[in-house]
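A.B. asks: Below you will find the structure I want to go over with you.
The values are calculated or read from the model by the stated rules, or taken from the named source; none is laboratory data. Computed from a prediction, not measured in an experiment: that's the story for all the values here. Positions of Cβ are backbone-derived with ideal geometry, glycine not excepted, and every protein chain shown enters the neighbour counts.
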Amino acid sequence: MYATIVGHETRVLAKTPALVWVLLLLIAAVVFGAWSASNTVARNSAGGQAIGGYEQSLRDRMRADLAKYEAKVKASGGTLEFAAVNHAPGEGPPQATNAGAVGSETAAYAVLPPTALAALSIGQSDINLAYIPVNMRNVVDVTKENEIENPVNLKTGGFDVAFVVIFLMPIFILAMSYDLLSSEKERGTLAMVLAHPISLAKFMASKLISRLVVMIAVVLAFGLGAVAATGGDLANADTLVRLALWFGATVLYCLFWFALAVLVNARGAGSATNGIVLAGSWLLFVVVVPTLVSLLATTLYPAPSRFDFTTAAREAQTKAEFERMQALDQYYYDHLELVPDGDKKANDFLTLAMANSAAVEKAVLPLYQRFQAQLDAQEATVARFQYLSPAIMMQRAMNDIAGTGPGRYAHFMDQVFAFHRAWQEFFTAKFLKREPLTTADYDRIPRFSYAEESLGAVLGRLAPSLIGLLLVVAGLTTAAFAGLRRYRVAG
Amino acid sequence: MAEASLTRPSPPSMIGIVARKEFTETLRDGRFKWTAAIMALLLLTALASGWQRYAAYAEMQAAAQGTSNTQWLKQGDKNPHSAAHYGNYAFKQAGSLSFFDSGIEPYTGNLLFMEAHKQNLAISRPANDMSAVTRFGEINGATILQILMPLLIIFLGFAAFAGERERGTLRQLMSMGVSRQELMWGKALGIGGAAMLAIVPCLAVGTAVLAALDVSAAPDLGARVGVLALAYGAYGLIFLFLTLGVSALLGAPRNALIVLVGFWAFSVFLAPKTAAEISKLVHPSPSLGEFQAEMKADQVRGLDGVPTAAKFGKYVRELMAQYNVESPMKLPMYFPALRMQKLEEFDHVVFDHHYNSLRDTYMAQRRLQDALGVFAPVLPLTSASMGLAGSDLLHHDTYTQAAESHRRLMVERMNGYLSKAAVDLNGVSNSSNYMTADEEVFAIVPPFAYAPPDVRAVLAEYGGGLGLLFAWLLAALGFALFAASRFRLDVR
């Protein structure tokens with residue numbers, strides 16, 4: 001019996017021109033989404049390479065200057081000397097010997113590589129900078145740049161696979177199933193079918209199976225196609241796990257909409273009413289609730305203005321300049337081990353600037369941390385209210401799976417902060433001791449290499465969204481099938 | 001004469017009767033009450049929170065700008081060029097109607113550091129400090145009218161003709177002597193009036209807020225509100241006429257609903273994203289890294305292929321010839337200041353080239369999206385609405401350009417002062433330590449302030465889009481009248 005109904009339903013679906021058209025449109029949308037999102041991914045990578053390469057070329061040129069100088073010194077039998085800043089070129093040791101100059105005037109870019117699934121969900125990757133310029137600037141200045149993109153397009157949001165899945169897929173599902181029972185009832189075929197030895201629940205289940213099969217086939221094709229199209233390596237364990245999670249989340253999300261359609265059908269209203277109720281639910285869950293949750297989170301925990309800490313940073317800067325010797329003393333105090341022999345504290349422009357920057361960082365850091373704490377509170381609010389809408393749960397899951405959400409970015413930024421400290425330590429030590437840099441030192445300049453977060457961490461972040469989605473689906477399905485028991489087949 | 005025409009009993013207007021009937025019937029419909037209540041509630045929430053944000057931001061911005069201008073003056077005695085390095089910050093003003101439409105404000109920086117040697121991008125983009133959930137879109141007056149108002153109109157009107165036809169009352173109605181055109185106008189008036197009721201709270205709050213706004217600060221506010229009202233009115237009418245036309249032409253109400261909701265979903269969700277992607281494809285814009293790398297390279301190698309160092313050498317040689325001296329240190333101005341200023345000026349050309357081309361690309365993308373409005377009227381409406389609310393690219397560019405002009409003025413005045421005041425220090429080593437300036441000198445740079453573009457500039461930019469919107473209105477009206485002349489009286 002099952003097989004008969006499933007076969008029949010599948011044939012009916014395939015013969016419904018409107019559905020076939022919607023499906024074709026959906027496929028076109030996924031192809032377009034994967035392609036346009038992969039452009040964004042490529043654009044970000046190109047940005048990192050361009051500016052990272054440029055800064056590296058500056059250091060390479062400095063290294064070449066230094067090599068020339070070393071050869072000259074070696075030939076003349078002298079010793080390498082440290083160049084003060086702004087030494088006129090052509091005479092004496094080159095700038096390249098000055099660790100402070102090299103560390104401040106060139107930056108190393110800490111780059112966050114995209115995951116293989118990045119094109120499935122653009123997430124925040126169009127606004128979060130994926131390559132952070134690290135140099136001697138203080139930590140607040142290092143993190144202040146944003147990726148640039150036409151703000152008009154940022155407002156509209158990217159056309160990616162996540163958009164197709166979250167926004168468009170439910171429409172397709174609801175179009176297939178808004179009249180699951182109501183149409184049979186309206187045509188009068190429902191009573192006839194149920195005259196056969198099959199329960200309403202089983203009849204419904206078999207109708208669902210045919211639709212699910214279509215849906216899962218589509219989802220599988222989407223994911224594989226999108227990853228393959230964007231050049232993802234399917235042999236990689238990380239990619240495979242992420243892809244599996246993506247399938248799981250997408251199927252769950254689809255199930256939510258099927259279950260909702262069954263629930264609405266079980267109320268026994270006509271097709272037109274069912275259609276309106278389901279369209280309204282779509283609007284509610286996909287558009288209204290997410291924007292309201294967003295409003296709630298940003299109203300309860302508005303990000304404190306960056307204006308405040310800009311003003312505070314300048315106050316600190318002025319203060320440090322007024323008390324410049326004190327700032328310098330403090331700077332040396334913080335680097336006691338590096339005070340030159342005989343306490344010959346240099347007070348040149350660059351040292352003062354660095355002492356200043358350190359003073360500003362100290363003054364601003366508490367504000368910065370409070371700022372971050374507020375953002376965390378905002379995120380926690382969204383996490384709490386995500387269960388109000390499967391679309392929010394799905395968005396969070398998609399971003400985490402694609403590695404374009406806030407979690408992976410925070411993981412990256414932690415490494416950037418560590419790298420920033422390593423960079424500062426490396427150059428500050430040589431600079432304060434007035435040790436000339438050598439070409440060998442250039443090879444020891446800290447390099448950034450991103451360590452991918454463990455899949456366990458990804459799963460940990462995903463768990464609330466996925467479990468939430470699972471529970472909602474389970475609850476809805478139970479309620480829907482319970483509702484079927486009270487369904488009036490005739491009259 | 002006027003008296004006479006007033007006293008003469010006017011013939012019963014069929015349009016009025018139909019309109020009254022539609023209006024009353026809609027108001028009595030429970031579904032209307034619910035939808036209208038939800039819509040009104042959302043509008044009130046959106047406008048209230050928008051106003052609260054706007055007011056808080058405007059206050060913060062004014063305070064921060066004041067503080068920053070004072071900090072510039074009170075930065076302490078130092079070399080004027082060091083003062084230019086200390087610089088000043090430009091804080092972006094909120095659009096005068098951004099409480100209604102925050103436009104691109106979450107996605108543009110609102111803080112711009114003006115310092116010697118560098119033209120910076122505006123930083124501190126609110127979206128970077130917000131949860132990813134905000135990418136679902138912001139709920140504000142504009143988005144509700146753009147997204148939900150058409151849906152409300154569709155719900156109210158999809159059965160206007162199709163429903164009566166199904167119930168068999170359409171033929172009956174025509175037998176009363178009403179003309180097809182009158183019927184269309186009557187229904188439009190009745191349903192449009194009911195839809196207006198749902199938007200009334202928006203109008204009330206909007207008026208209250210406008211009364212609270214300081215109109216003297218923005219004399220063009222009235223014009224902005226007027227054009228906004230016209231644009232949204234046209235947008236609503238487009239959907240009203242399309243809905244009635246489709247309802248008249250298609251057989252069953254269910255079909256009319258599917259077609260209309262399909263067009264709505266395409267129009268407000270699919271079309272904007274597709275248009276954005278198309279515009280990116282046609283006018284690609286660089287990422288930050290590419291933008292910076294190109295600009296830095298051009299600063300060294302020169303846009304015209306003549307390296308900046310060579311240009312500067314030539315300039316100094318010419319100057320030495322002009323003053324007939326054999327060393328730049330013998331020039332009658334402080335050479336380091338002269339040098340810094342000249343290098344700034346070489347950079348200006350490079351900055352202008354790159355920043356202008358970035359701005360032009362963004363503008364070209366937006367204009368293309370407006371033009372794609374031939375497929376979806378929401379596209380030109382969104383653009384014009386942001387423009388009129390003062391939260392669009394045009395207002396952002398005015399801000400960034402004002403900041404850059406101020407930066408150039410600040411650097412030029414500081415270097416200019418230095419080059420005259422420190423002329424005796426030419427050739428003295430570590431001379432920069434001996435030249436300090438005080439608050440009086442810093443005051444030759446005026447405090448940073450700027451005025452947003454006038455409504456005329458906004459209309460010049462968005463006139464085409466608004467024209468397209470009104471063309472849509474004419475087309476929709478034509479379609480409705482065509483449908484009126486063609487609709488069937490009975491279900492086939």
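Results for (1) under 30 Å from A:Leu112 (Cβ atoms); (2) assigned to a helix (DSSP H, G or I); (3) without any contact (Cβ under 8 Å) to a residue 40 or more places away in the chain; (4) within 27 Å of the chain's Cα centre (by Cα), shown as yes or no for each residue.
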residue	(1), (2), (3), (4)
A:Thr4	no, yes, yes, no
A:Leu13	no, yes, no, no
A:Val41	yes, yes, no, yes
A:Ala46	yes, yes, yes, yes
A:Glu55	yes, yes, no, yes
A:Asp60	yes, yes, yes, no
A:Ala67	no, yes, no, no
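A.B. asks: Take the residues in segment B:277-302 that are within 23 Å of B:Met363 (Cα to Cα) and more than 28 Å from the chain's Cα centre (by Cα), then tell me which one is nearest to the other protein chains (Cβ to nearest Cβ).
C.D. replies: By that ranking, first place goes to B:Ala293.
A.B. asks: Can you report the number of residues in segment B:374-397 which are surrounded by fewer than 19 Cβ atoms within 10 Å (Cβ to Cβ) and under 19 Å from the mean Cα position of the chain (by Cα)?
C.D. replies: Total satisfying the criteria: 1.
A.B. asks: Being among the hydroxyl-bearing types (Ser, Thr, Tyr), away from chain A (no Cβ under 14 Å) and part of a helix (DSSP H, G or I) is the filter here, so list the residues in segment B:329-385 that pass it.
C.D. replies: Once the filter is applied, which keeps residues that are among the hydroxyl-bearing types (Ser, Thr, Tyr), away from chain A (no Cβ under 14 Å) and part of a helix (DSSP H, G or I), segment B:329-385 yields nothing.
A.B. asks: Which numbered condition in (1) surrounded by 21 or more Cβ atoms within 10 Å (Cβ to Cβ); (2) in contact with a strand residue (DSSP E or B) (Cβ under 6 Å, 6 or more places away or on another chain) is the only one that B:Ile123 fails?
C.D. replies: (1)
A.B. asks: How many residues does segment B:280-336 hold that are among the hydrophobic types (A, V, I, L, M, F, W, C), loosely packed, with under 14 Cβ neighbours inside 10 Å and more than 28 Å from A:Leu154 (Cβ to Cβ)?
C.D. replies: Number of matching residues: 7.
A.B. asks: Given the structure, is B:Asp438 in contact (Cβ under 8 Å) with a residue 24 or more places away in the chain and surrounded by fewer than 12 Cβ atoms within 10 Å (Cβ to Cβ)?
C.D. replies: no
A.B. asks: Filter segment B:386-400 down to the residues that are touching an Asp or Glu at 6+ places or on another chain (Cβ under 7 Å) and under 22 Å from B:Ile144 (Cβ atoms), then identify the one that is nearest to the other protein chains (Cβ to nearest Cβ).
C.D. replies: Here the residue is B:Met386.
A.B. asks: Looking at (1) in contact (Cβ under 8 Å) with a residue 24 or more places away in the chain; (2) within 19 Å of the chain's Cα centre (by Cα); (3) over 30 Å from A:Met169 (Cα atoms), which one does B:Gly192 not meet, given that it meets all the others?
C.D. replies: Among (1) in contact (Cβ under 8 Å) with a residue 24 or more places away in the chain; (2) within 19 Å of the chain's Cα centre (by Cα); (3) over 30 Å from A:Met169 (Cα atoms), the lone unmet condition for B:Gly192 is (2).
A.B. asks: Need pairs with beta-carbon distance below 9 Å; first residue in a loop (DSSP other than H, G, I, E, B) and within segment B:262-284, second of a type in the set (Lys, Arg); sequence gap 6+ or separate chains.
C.D. replies: That search, which allows pairs on different chains as well, returns B:Pro284/A:Arg43.
A.B. asks: Let me ask something else about it. Identify all residues within segment A:433-458 that are touching a helix residue (DSSP H, G or I) at 6+ places or on another chain (Cβ under 8 Å) and closer than 17 Å to A:Thr239 by Cα; write none if there are none.
C.D. replies: Matches in segment A:433-458: A:Tyr450, A:Ala451, A:Glu452, A:Glu453, A:Leu455, A:Ala457, A:Val458.
A.B. asks: Taking segment A:134-159 as the search range and keeping residues that are in contact with a Gly (Cβ under 9 Å, 6 or more places away or on another chain) and more than 9 Å from chain B (Cβ to nearest Cβ), which one is surrounded by the fewest Cβ atoms within 10 Å (Cβ to Cβ)?
C.D. replies: Looking at the filtered set, the residue picked out is A:Asn135.
A.B. asks: Would it be correct to say that B:Gly206 is buried (at least 22 other Cβ atoms within 10 Å of the Cβ) and either assigned to a helix (DSSP H, G or I) or among the polar types (S, T, N, Q) (or both)?
C.D. replies: no
A.B. asks: Kindly list the number of the only condition in (1) within 14 Å of chain B (Cβ to nearest Cβ); (2) on the phi > 0 side of the Ramachandran plot that fails for A:Ile51.
C.D. replies: Result: A:Ile51 passes all but (2).
A.B. asks: For B:Leu173, all conditions in the list (1) of a type outside the set (Gly, Ala, Ser); (2) at pLDDT below 85; (3) more than 23 Å from the chain's Cα centre (by Cα); (4) under 24 Å from B:Ala37 (Cα atoms) hold save one; what is the number of the exception?
C.D. replies: Of everything listed in (1) of a type outside the set (Gly, Ala, Ser); (2) at pLDDT below 85; (3) more than 23 Å from the chain's Cα centre (by Cα); (4) under 24 Å from B:Ala37 (Cα atoms), B:Leu173 misses just condition (4).
A.B. asks: Among the listed residues B:Tyr54, B:Tyr86, which satisfies the condition of being more than 8 Å from chain A (Cβ to nearest Cβ) and without any contact (Cβ under 8 Å) to a residue 60 or more places away in the chain?
C.D. replies: After applying the criteria, what remains is B:Tyr54.
Here's the yes/no breakdown for (1) surrounded by fewer than 21 Cβ atoms within 10 Å (Cβ to Cβ); (2) modelled with pLDDT under 90:
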| site | (1), (2) |
| --- | --- |
| A:Val227 | no, yes |
| A:Thr230 | no, yes |
| A:Ala235 | yes, yes |
| A:Thr250 | no, no |
| A:Tyr253 | no, no |
| A:Ala259 | no, no |
| A:Thr273 | yes, yes |
| A:Gly280 | yes, yes |
| A:Pro290 | no, no |
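A.B. asks: Now for a separate question. Filtering segment A:299-322 down to residues that are more than 7 Å from chain B (Cβ to nearest Cβ) and outside any helix (DSSP H, G or I), which residue is modelled with the lowest pLDDT?
C.D. replies: Per the criteria, the residue is A:Pro304.
A.B. asks: I've got another one for you. Please verify whether segment A:76-97 includes one or more residues that are among the acidic types (Asp, Glu) and not in a helix (DSSP H, G or I).
C.D. replies: Checked segment A:76-97: at least one residue is among the acidic types (Asp, Glu) and not in a helix (DSSP H, G or I).
A.B. asks: Shifting gears a bit: Does B:Thr26 fit the bill of being hydroxyl-bearing (Ser, Thr, Tyr), surrounded by fewer than 20 Cβ atoms within 10 Å (Cβ to Cβ) and in a helix (DSSP H, G or I)?
C.D. replies: Considered against the rule, which asks whether it is hydroxyl-bearing (Ser, Thr, Tyr), surrounded by fewer than 20 Cβ atoms within 10 Å (Cβ to Cβ) and in a helix (DSSP H, G or I), B:Thr26 comes out as no.
A.B. asks: Identify the residue in segment B:303-326 that is farther than 26 Å from A:Gly53 by Cβ and among the polar types (S, T, N, Q) and, among all such residues, is farthest from the chain's Cα centre (by Cα).
C.D. replies: Applying the filter and picking the extreme gives B:Asn324.
A.B. asks: Just need a number here: residues in segment A:369-388 that are surrounded by fewer than 23 Cβ atoms within 10 Å (Cβ to Cβ), within 12 Å of another protein chain (Cβ to nearest Cβ) and either closer than 30 Å to A:Glu323 by Cβ or among the polar types (S, T, N, Q) (or both).
C.D. replies: Qualifying residue count for the region: 4.
A.B. asks: How do the helices (runs of 4 or more DSSP H) wholly within segment A:126-212 filter down when requiring 1 or more residues that are touching a residue at least 12 places away in the same chain (Cβ under 8 Å) and among the basic types (Lys, Arg): which remain?
C.D. replies: A:182-187
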